[in-house]
1. Take the residues in segment 18-53 that are assigned to a helix (DSSP H, G or I) and touching a His at 6+ places or on another chain (Cβ under 8 Å); name whichever of them is farthest from Tyr72 (Cα to Cα).
2. Could you tell me which residue of segment 190-201 is farthest from Ala10 (Cα to Cα), considering only residues that are open to solvent by less than 40 Å² (accessible area, probe 1.4 Å) and out of contact with any Asp or Glu (no Cβ under 6 Å at 6 or more places or on another chain)?
3. Examine segment 171-179 for a residue that is of a type in the set (A, V, I, L, M, F, W, C), at pLDDT below 95 and within 18 Å of Leu9 (Cα to Cα), and state whether such a residue exists.
4. With respect to Ala152, is the statement that it is touching a Gly at 6+ places or on another chain (Cβ under 8 Å) and under 27 Å from Ala43 (Cα atoms) true?
5. Helices (runs of 4 or more DSSP H) wholly in segment 73-152 with at least 3 residues that are among the hydrophobic types (A, V, I, L, M, F, W, C) and touching a residue at least 12 places away in the same chain (Cβ under 8 Å) - which ones?
6. Which residue, of Val194, Val169, Val165, is among the β-branched types (Val, Ile, Thr) and in a strand (DSSP E or B)?
7. What is the residue count in segment 55-72 for residues that are free of Cβ contacts under 8 Å to residues at least 60 places away in the same chain and aliphatic (A, V, I, L, M)?
8. With Ala86, Ala63, Ala80, Ala43 as the choices, which residue is among the hydrophobic types (A, V, I, L, M, F, W, C), at pLDDT 95 or above, open to solvent by 40 Å² or more (accessible area, probe 1.4 Å) and at negative phi?
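The values are calculated or read from the model by the stated rules, or taken from the named source; none is laboratory data. Because the structure is predicted, anything quoted here is derived from the model rather than measured. Because the Cβ atoms are built from the backbone with ideal geometry, glycine has one as well, and the counts that use them run over all protein chains shown. The protein model used for the area step is the full one, side chains on, heavy atoms only, and it has no ligands, DNA or RNA in it. Shrake-Rupley method; radii C 1.70, N 1.55, O 1.52, S 1.80 Å.
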Amino acid sequence: MSRSLAETLAWAGDGAAHLRGLMSRMGDDAFPAPSGLPGWSRAHVLTHIARNADGMINLLIWARTGVPTPAYASAEARDADIEAGATRAPAAIRDDVIASSDRLAAAVREMTEQAWSAHVKNVQGVEIPATDIPWIRAREMWIHAVDLDVGASLADLPVPMLVEVVTDVVRVVGAKPDCPPLRLATTDVDRSWVLGDGTGPEVRGPAASLAGWALGRSRGKDLRTSEGKKPPVLPRWL
C-alpha cells in the first residue's frame, strides 16, 4: 500500500469532522429513520461508529502495551451494544459519537514510534501493523457517513483515499473464488486494477463511482464495461 501513517491520520481526522458536521444537521426525527444499510437505522450507524472508536482504542492499547486487547469482546457483544445503543435518545447518541471520537484522538496522541511498529489482530483475527488502525478508522468514518443517507457521497473523500479504498476492495474481493475476472480503470485518476487473472472486460468510470460499486453501495449505473454492458455484481467485500 502506498498510504502513509500521516495520510491515514489526516483522513481519519477529516472524516471525524465531516461526520460531526452531518450529524449536527440531523434533526432528532432523522435518527430512527432507515439508513443506507439494510436493517439499520441511522441511530444504528452512529452507534456503530462510536463503538468502532472504542474498538480502535483497544487495538492502540494492545500496540502500546503489548497486552492482547481485542477490539471487541466478541462479535455478539458488539452487535448487542449496537442494538441497545440505537434505542437511545438522539442527544445521547450525538454525545457518544463525539466523546468516543475524542477518546480515540487522545489514544492516538499516546502512541510512540515503537508502538506504531507493533502488530495486533483486527476484527477478522488477521495480524496487521498498528499503522493500519487509523486507516481502518478513516474507512469507517467516510464510508458510514455515506451510509447515513443524509447527503454525503463517496465523492467527498480525498481522491488519494478513494484510490486506496478501491485497492483494498480489489485485494479482498479479488481473492474470493466467485469473483469474476475483471480489469478496473478510473476515468478521472490514472489508476487501474486487476481482479482475478484480468482476462475479463474492463470496467471504467470515475473513482468515486468505482468505489461505490466495489463496496456494494451502488449498482454502478454510471459505469460501463469495455463491452458496453453494466458492470457485474461483485461478491460482498467484508
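1. Checked segment 18-53; the qualifying residue farthest from Tyr72 (Cα to Cα) is Leu19.
2. Gly200
3. So far as segment 171-179 goes, no, none of its residues is of a type in the set (A, V, I, L, M, F, W, C), at pLDDT below 95 and within 18 Å of Leu9 (Cα to Cα).
4. It is false that Ala152 is touching a Gly at 6+ places or on another chain (Cβ under 8 Å) and under 27 Å from Ala43 (Cα atoms).
5. Counting at least 3 such residues, we get 90-109, 133-147.
6. Val194
7. The number of residues fulfilling the criteria is 4.
8. Exactly one residue qualifies, and that residue is Ala80.
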